[in-house]
Amino acid sequence: MTHTPRHGAQPTGGEPPALEARALTKHFPIRRGWGMRTALVHAVEDVSLRLYGGTVTAVVGESGSGKSTLARMLARLIEPTSGQVLLGGAPAPHGGREYSSAVQLVLQDPFASLNPIHGLRYILGRPLKIHGTAQDSSADEAIKDLLRRVALTPAEQFIEKMPHELSGGQRQRVAIARALAVQPHVLLADEPVSMLDVSIRLGVLNLLADLRDREQLAILYVTHDIASARYLADTIAVMYAGRVVEAGPAVQLTDHPQHPYTQLLLSAAPDPDRAEAPSLAGAGSPPSLVNPPSGCRFHPRCPFAMPRCAEQLPPAFEVGPGQTSACWLHETSATVSANTVSPDTVEERTTSSATPETNAPEDQ
Ligand code: ADP
Ligand code: MG
């Protein structure tokens, strides 16, 4: 059985993912003391995921969990320590124009990402020209078309504007339009709404949903907000301290979280029925990535930790259709999965007979 994305197309059997991470790992060397390379930051560890056209995959985790490092490896801005990036099923080139015309990164801060001295005609015209998407004579039309695709209308007016005349949400739309100018297959959006006013976040999320559905883009949505991931994404991967701890179809995963960390994240997510959101800080904080905890990196914070959790790294156990959880609590009832975040991984494995509820930690 295959997870059907909530929106748009589902991955077809033979089609390779638009972009794939295979066991991506990044260790940053850092200098401690007198210029000596004595330590490594274990920022991302063995992360695999697949992005398909017409789907949104969310990577969710607290600050410092390695989300941006993962996105930057996928954008080919930094080299992985190990692991592979595959573009359309083939090893991805090391950056350059060929790669950036297929994979575009949109960053968090729309104030920093647009040069204030240039108007929108220049900001959007430049990538069109560089990538040869539009000829000089048709440039204005192509720019207006981009503006319309991100709902900045009337485009005739927006094309004349400067960044300072725009709101944060409008600037983020310009940043997205600039990414679209090169006609990418993949959009990597690193916390695209977290610096925006709450009131305009939904509009930008809906724009991303629209681009997925209308233009069949493969979108990576990086966020610390699991509620927005549930709203937008088809598939969610939850990261903790550099590792994916749980992954699966967005609604199923958030309705039936299996990993204790996902349960903690959801219990801390804003809930309209609760007067005040409990803070995650009260439940401890993420560990140092210079000396990450042994075994399961979550064990020092985990209410269900057992002795083996400090010693052995749990593999990804299948805990529901297409849903995996890297937690020893699931060992008895689940099969070990291929450990790749994607809507179709379930085809590669034996489906567990356990329903998500029967092996929830509360029941153990
Ligand atoms: P997130 O986006 O989830 O907040 P990041 O990927 O930015 O997490 O960071 C993960 C870890 O890697 C953090 O501990 C951060 O300090 C570290 N890190 C990120 N970039 C570098 C770098 N260039 N050099 C050293 N450490 C880094
Ligand atoms: Mg980040």
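The values are calculated or read from the model by the stated rules, or taken from the named source; none is laboratory data. All figures in this text were calculated on a predicted structure; none of them were measured in a lab. Cβ atoms come from the backbone with ideal geometry, glycine included; neighbour counts cover every protein chain shown. Only protein heavy atoms, including side chains, enter the accessible area calculation; ligands, DNA and RNA are left aside. Shrake-Rupley method; radii C 1.70, N 1.55, O 1.52, S 1.80 Å.
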**Prompt:** Of everything in segment 181-204 that's open to solvent by 20 Å² or more (accessible area, probe 1.4 Å) and within 16 Å of ligand 1 (Cβ to nearest atom), which residue is farthest from GLN252 (Cα to Cα)?
**Reply:** MET195
**Message:** Of all residues being out of contact with any strand residue (DSSP E or B) (no Cβ under 6 Å at 6 or more places or on another chain) and assigned to a loop (DSSP other than H, G, I, E, B) in segment 205-230, which is surrounded by the fewest Cβ atoms within 10 Å (Cβ to Cβ)? Just the residue, please.
**Reply:** GLN216
**Request:** Kindly check whether there is at least one residue in segment 231-245 that is within 24 Å of ASP109 (Cβ to Cβ) and open to solvent by 10 Å² or more (accessible area, probe 1.4 Å).
**Result:** yes
**Request:** Looking at (1) touching an Asp or Glu at 6+ places or on another chain (Cβ under 8 Å); (2) within 16 Å of ligand 1 (Cβ to nearest atom); (3) open to solvent by less than 30 Å² (accessible area, probe 1.4 Å), find the lone condition where LEU86 falls short.
**Result:** (2)
**Asked** Do you know which residues across segment 43-57 are closer than 10 Å to ASP234 by Cα and in contact with a Leu (Cβ under 7 Å, 6 or more places away or on another chain)?
**Response** VAL56, THR57
**Request:** Kindly indicate the residue of segment 48-69 that is over 21 Å from LEU266 (Cβ atoms) and within 13 Å of ligand 1 (Cβ to nearest atom) and also most open to solvent (accessible area, probe 1.4 Å) among those meeting that condition.
**Result:** SER68
**Request:** State whether one or more residues within segment 260-273 are surrounded by fewer than 24 Cβ atoms within 10 Å (Cβ to Cβ), of a type in the set (S, T, N, Q) and at pLDDT 95 or above.
**Result:** yes
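If the requirement is being at pLDDT 65 or above, open to solvent by less than 40 Å² (accessible area, probe 1.4 Å) and among the hydroxyl-bearing types (Ser, Thr, Tyr), which of these qualifies: SER337, SER288?
Working: SER288 fails: open to solvent by less than 40 Å² (accessible area, probe 1.4 Å).
Checking each option against the conditions leaves just SER337.
So, ILE130, is that one among the β-branched types (Val, Ile, Thr), at pLDDT 95 or above and surrounded by 13 or more Cβ atoms within 10 Å (Cβ to Cβ) or not?
Working: among the β-branched types (Val, Ile, Thr): yes; at pLDDT 95 or above: no; surrounded by 13 or more Cβ atoms within 10 Å (Cβ to Cβ): yes.
When the stated conditions are applied, ILE130 does not pass them.
Can you tell me which residue among GLN252, GLN216 is away from ligand 2 (no atom under 16 Å from the Cβ), under 19 Å from ALA269 (Cβ atoms) and modelled with pLDDT of 95 or more? Spell out the reasoning first.
On the way: GLN216 fails: under 19 Å from ALA269 (Cβ atoms).
Going through GLN252, GLN216 in turn, just one is away from ligand 2 (no atom under 16 Å from the Cβ), under 19 Å from ALA269 (Cβ atoms) and modelled with pLDDT of 95 or more: GLN252.
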